[in-house]
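K.L.:
Handing you a structure now.
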Amino acid sequence: MDFSEGCSICGEDLVYAQEHTLKQCTYCGAIADSNIQCPMGHFVCDACHSSSAVELIEKYCQQSLSIDPMKSAVMLMKSPVVKMHGPEHHFLVPAVLLTAYYNSLNEPETKIQKLSVARKRAESVHGGYCGTHGACGAAIGVGIFISIITGTTPLKEQEWSLSNAITGEALIEISKQGGPRCCKRDSFIVIKKAVEFLKTNLDFELPLTNVVCEFHKRNKQCRFDDCIYFPS
């Protein structure tokens, strides 16, 4: 997927009009004056085009009204600042889950606060953890999510158990797929696991879009038909 000559979200050729009009950024919601837009109506402001991945993720989730974490994840992954692989996924996973959770509760202020907490925690989960520490950062991201919504500390009882349980279950699901790593695949796996875990353990339901990978052409180590998300 190379959108360098077109819309970074859908790949359509960009339309350059003679006159400028006000447009709303798909990611951060900011209003900007521009003569550029794609035929599907997508618009990405200059700030989001030039921001870091974690900044884009946080800004998008702050203003998003979505209650479907998989849809939010895919939208963010389409941005060129979110690389095929990288530690930004360690924040992306808890961010989209927190967004869906607190949007469902209609608690936007709490969401913004918790996103900041998740970002700070995810920063300590460096790239390559899956290979050097035996713990994929996406799975740790799910543990961050559960620990935040349950108020877990090292001294809690049931909350501590839940946070460790979801990380363990997520890692098992990832390990079943075999290597090499794929940050997109592993993020999809753990987001699905988190939604299932919420329903089973906390009686909290979120919608979940079934996803087919749109990013395999960017992955030099793609396993193609051996991946559960490969389009067949």
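K.L.:
In deg cm²/dmol and to the nearest 500, what is the mean residue ellipticity at 222 nm of the chain if only DSSP H runs of at least 4 residues count, each as -39500 (n - 2.57), divided by the residue total?
P.N.:
Taking each H run of at least 4 residues, the total per residue is -15500 deg cm²/dmol.
K.L.:
Could you calculate the FRET efficiency of SER161 with LEU65 from 1/(1 + (r/R0)^6), where r is the beta carbon distance between them and R0 is 35 Å, rounded to 0.05?
P.N.:
So the FRET efficiency works out to roughly 0.60.
K.L.:
Once you charge only the Cβ atoms, +1 for Lys and Arg and -1 for Asp and Glu, what is the size of the charge dipole of region 1-137 about its Cα centre, to the nearest 20 debye?
P.N.:
Working: 10 positive and 14 negative charges, 119 e Å.
That gives region 1-137 a dipole magnitude of about 580 debye.
K.L.:
In nm, what is the difference between 0.36 nm times the number of residues separating SER52 and ASP33 and their Cα-Cα distance? All intermediate terms of the calculation are to be shown ahead of the outcome.
P.N.:
Values: separation 19, 0.36 × 19 = 6.84 nm, distance 2.20 nm.
Full extension of this stretch gives 4.6 nm more.
K.L.:
Here's something else I'd like to know. Pairs LYS78/LYS111; LYS83/LYS111; LYS199/LYS220: which exceed 27 Å Cα-Cα?
P.N.:
Going by Cα-Cα distance, LYS199/LYS220 fall outside the 27 Å limit.
K.L.:
Excluding residues fewer than 8 places away in the same chain, name every one of the aspartates and glutamates whose C-alpha is closer than 19 Å to that of LYS71.
P.N.:
Once the sequence-local aspartates and glutamates are set aside, what remains near LYS71 is GLU55, GLU58, GLU88, ASP186, GLU196, GLU205, GLU214.
K.L.:
On a full-extension model of 0.36 nm per residue, what is the gain between PHE230 and VAL212, subtracting their alpha-carbon distance, rounded to one decimal in nm?
P.N.:
Extra length available between PHE230 and VAL212 comes to 5.9 nm.
K.L.:
First compute the accessible area of the chain with a 1.4 Å probe, then give the percent of it belonging to carbon and sulfur atoms. The partial results should precede the final answer.
P.N.:
On the way: 5980 of 11710 Å².
Summing carbon and sulfur atoms, their accessible area is 51 percent of the total for the chain.
K.L.:
Heavy atoms only, 1.4 Å probe, whole protein assembly: order ARG218, ARG185, ARG121 by accessible area, highest first.
P.N.:
Listed by decreasing accessible area, they come as ARG121, ARG218, ARG185.
K.L.:
What accessible area per residue, rounded to a whole number of Å², is obtained for region 79-232 using a probe radius of 1.4 Å?
P.N.:
49
K.L.:
Under 1.5 on a/c is rounded, so check that first for region 126-199, then, if it is not, pick prolate when a/b is larger than b/c and oblate when it is not; a ≥ b ≥ c are the square roots of the alpha carbon gyration tensor eigenvalues. Don't skip to the end; give the middle numbers.
P.N.:
Numbers: a/c = 2.29, a/b = 1.63, b/c = 1.41.
Here region 126-199 falls in the prolate category.
K.L.:
Further question on the same structure: Under the 0.36 nm per residue contour assumption, what length would be gained going from the current alpha-carbon distance of VAL15 and LEU105 to full extension?
P.N.:
Gain in length upon complete extension: 28.5 nm.
K.L.:
Provide LYS71, LYS184, LYS156, LYS217 ordered by accessible surface of protein heavy atoms (probe 1.4 Å), highest first.
P.N.:
Ranked list, largest accessible area first: LYS217, LYS71, LYS156, LYS184.
K.L.:
What order do HIS126, HIS85 take when sorted by accessible area (1.4 Å probe), most exposed first?
P.N.:
Values: HIS126 110, HIS85 45 Å².
Listed by decreasing accessible area, they come as HIS126, HIS85.
K.L.:
Quick one: helix 183-202 against the long Cα principal axis of the chain, what's the angle to the nearest 10°, folded into 0 to 90?
P.N.:
It works out to around 50 degrees.
The values are calculated or read from the model by the stated rules, or taken from the named source; none is laboratory data. Because the structure is a prediction, the values reported are computed rather than measured. Reconstructed Cβ throughout: ideal geometry from the backbone, glycine too, with neighbour counts over all protein chains shown. What goes into the accessible areas is simple: the full protein's heavy atoms, side chains included, and nothing from ligands, DNA or RNA. Shrake-Rupley method; radii C 1.70, N 1.55, O 1.52, S 1.80 Å.
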